[in-house]
1. Taking amide H positions as placed in the peptide plane 1.01 Å from N, state which residues far from residue 294 in sequence (5 or more) or on other chains have amide H under 5 Å from it.
2. Cβ neighbours within 10 Å, averaged per peptide: list 252-260, 80-88 in order, most packed at the top.
3. When only DSSP loop residues count, what trypsin sites (Lys or Arg not before Pro) in segment 414-464 have their Cβ near at most 12 other Cβ atoms within 10 Å?
4. From the P(r) of the chain, could you give the percentage of C-alpha pairs in the tail past 34 Å?
5. From the backbone phi of segment 411-420, what are the Karplus-calculated ³J(HN,Hα) couplings (6.51 cos²θ - 1.76 cosθ + 1.60, θ = phi - 60°) in whole Hz, Gly and Pro given as x?
6. Taking the Cα centre of the chain as origin, sum charge times position over the Cβ atoms of Lys and Arg (+1) and Asp and Glu (-1), and report the length of that vector in debye to the nearest 20.
7. Classify segment 224-346 as rounded, prolate or oblate from the Cα gyration tensor: take a ≥ b ≥ c as the square roots of its eigenvalues, call it rounded if a/c is under 1.5, otherwise prolate when a/b beats b/c and oblate if not.
8. If you put +1 on each Lys and Arg Cβ and -1 on each Asp and Glu Cβ, how big is the dipole of segment 60-165 around its Cα centre, in Debye rounded to 20?
Amino acid sequence: MAIDVRRADPDRGWQIPVFLGVLGVLFAVPALGLASGWDAQLDLDASVADAAYRFSSDRPWFVDVLEVVAALFSTVGIAVVLALLLVWMLVRREGAVAAWIVVTGLVVLAGNPLLKLVFDRDRPFWVEPLHEIGGHSFPSGHASGSGMLFTVISLLTIISTGRGWKRRLLLTVWTLLALGVAASRVFLGVHYLSDVVAGLAIGSFAACVAWLLIVRGKGRLPSEQAIATGSGAHTSAVILNPSKVGDVAEFRAKVSQVAAAHGWNEPRWYETTVEDPGHGQTRAAIAAGVDLVVAAGGDGTVRAVCEEAARTGVAVGILPHGTGNLLARNLDIPVNTRDALDVVFGGQDRAIDLATFRTDGETDSVFLVMAGLGMDAMIMSGVNDELKKKVGFLAYFVSGMKALAFPRTKVTITIDDEEPVTFKARTVVVGNVGFLQGGIPLLPQAEIDDGMLDVVVVAPKRFLGWLAIVARVMTRRPTNDKRLSRLCGERVHIVAERTVPMQLDGDGVGEASEITAEVHQGVVLVRVPVDLAPVR
């Protein structure tokens, strides 16, 4: 994912001053308490230091671990990590971020010794010290260094990742590591509790203030042409599937807030129904003259909105709320709602292909991701909706185990005007995109805007054949064999020897014995993340 420093801007203006205020208090209280000889603080420091010393002195192995931590997070160790981060930012040509890393490192690593001279606090005294060290105690150099380092790493994590559980997990890890380094100094018997609390606070405070002064507001912005859509009046409509959103009122408030932040007017709102999954609502929105139609729901809602918006010049924004969200994933649209909203209202338009799908001479349907017949369609049709609500995508695994016994079926495939080819297949997938959930490259050559449809024919005879197919898919081997074959063209005609289940973008659509899929290049405009890569 591209680096975008705007991701570090909070959703609410009060968050930064409150955070800096908390850090300021965490440094000021210990500093003032030390300067004034506050008995309560001194007593707490002494009791914590004594308890920590007794715990460590009884565990020599623990002291060895603390010694390693001390070496790793010394001034030299932290400087090495900062240097590596600096090189990374220079390679990415993120000049402002690189300057921030340099300034932050110099201020904290050089400024902490000066603070020690000001407060002139002796280190804890032990008859049998666990670790020999000289100098003053307040504030802890290791704590201030780790507070600064992990604040730097946390901000780099934020600007280089999207919102979601991965980011939260990483930020939790960095926070715990910073606290662990600080605690190690108390357990090693070389600092008091107030030393490390103040050290963490001042290190993190310096990094945050330097960010505000050097980096904030310096993010590369897309050109006006890249984000322009429709008439430029910045009017939008949201086609909402209420069954996919928990708290509709909260969701609407969040959408309105982000729209306003990006300079868009209050959206018009339309809700889908069981009878109309989004077609009529999209037509009404376009008739009202909006510049942007936002599909908030699963793949079915997205498909309905895109079908109606095709060839209108009105862009489609996607707020994925389904189980698969394959179109969003293949377009690098975040599945986290807050990040997806930034793409919807601040992204750029990309023209993508739409495919039509006709069965046994029936009226055309459309798909944006993949259409299939055979076993994969049986999996999609066999998913228990209640189970899907509880366990998400794992419900497809349960359905897949039941579908493994789906028999091979004779199919004849004609690509464009080429000679027909016959297979004994368990499943045939026609793809407008190439990747499944988890980034599995089922059709690695497929592109959503190349004006071509890619076809994969899966035909294992036995269970062991599936293992070979999995290996083929994951290693992206391009060769064809009896188990797995790939084809490509603008028009795909498939005739099966009997009726088989079918699916469009993950939704079962009944059974048929003959289908025709045809691609229509670049007829849908979809909002995608702005490419912020530096010009080389």
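1. Counting only residues 5 or more places away or on other chains, the set is 237, 238, 239, 317.
2. Ranked by mean Cβ neighbours within 10 Å, highest first: 252-260, 80-88.
3. Working: sites: 424, 426, 461, 462; in loops: 426, 461, 462.
Within segment 414-464, the qualifying trypsin sites (Lys or Arg not before Pro) (loop, at most 12 other Cβ atoms within 10 Å) are 461, 462.
4. 53 percent
5. Listing the rounded values in order: 10, 10, 10, 10, 9, 6, 9, 7, 5, x Hz.
6. Numbers: 49 positive and 55 negative charges, 181 e Å.
Using Cβ point charges on Lys, Arg, Asp and Glu, the chain gives about 860 debye.
7. Numbers: a/c = 1.29, a/b = 1.13, b/c = 1.14.
Since a/c stays below 1.5, the shape of segment 224-346 is classed as rounded.
8. 560 debye
Quick note: the coordinates plus some simple rules give every number you see, no bench work behind them. Keep in mind the model is a prediction, meaning the values are calculated, not measured. Heads up, the Cβs are rebuilt from the backbone with ideal geometry, glycines too, and the neighbour counts pull from every protein chain shown.
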